[in-house]
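The values are calculated or read from the model by the stated rules, or taken from the named source; none is laboratory data. All figures in this text were calculated on a predicted structure; none of them were measured in a lab. Virtual Cβ from ideal backbone geometry, glycine too; neighbours counted across all protein chains shown. SASA here: full protein model, heavy atoms, side chains in, ligands and nucleic acids out. Shrake-Rupley method; radii C 1.70, N 1.55, O 1.52, S 1.80 Å.
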Amino acid sequence: MVPWRTSTTGVSIALRVTPRGGRDGIDGIEQLSDGRSVLKVRVRAIADGGEANRAVLALLAKSLGVPKASVSLLSGATSRLKQIAVAGDPARLTEALRELASVKSTDQGN
């Protein structure tokens with residue numbers, strides 16, 4: 001199960017964010033205890049005044065090769081679990097996400 005859904009205008013992605021994670025990066029897909037899949041993201045920024053959210057949006061824009069304006073926070077502004085929308089060609093974005101997620105994927109509980 002992948003942590004993103006496509007629409008006619010792009011994709012929405014479920015994330016689990018680790019602020020102050022030591023580096024900016026995408027750490028693959030993780031299965032939560034409730035069965036949902038999330039894309040694990042870590043950023044150096046602290047979770048204060050929206051800094052970590054801005055860092056996450058910038059990291060995703062760079063990683064997916066889209067302008068920063070194409071990436072927006074749908075929900076979870078103050079939570080580690082977030083929903084992000086990325087505007088663009090759904091097929092291209094899905095392929096880019098598959099490549100990013102395949103680098104490292106973990107399955108909690110195994």
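Select from region 1-41 the residues that are over 12 Å from L60 (Cβ atoms) and among the polar types (S, T, N, Q) and write down the one among them that is least open to solvent (accessible area, probe 1.4 Å). Only one residue tops the list, namely S37.
Keeping to region 72-85, report how many residues are open to solvent by less than 40 Å² (accessible area, probe 1.4 Å) and either farther than 17 Å from K40 by Cβ or acidic (D, E) (or both).
1
Residue-level check: of (1) more than 21 Å from M1 (Cα to Cα); (2) over 12 Å from the mean Cα position of the chain (by Cα); (3) of a type in the set (S, T, Y), S72 misses just (2). Applying the selection to region 15-42, what residues are in contact with a Gly (Cβ under 6 Å, 6 or more places away or on another chain) and among the hydrophobic types (A, V, I, L, M, F, W, C)? None; the set is empty.
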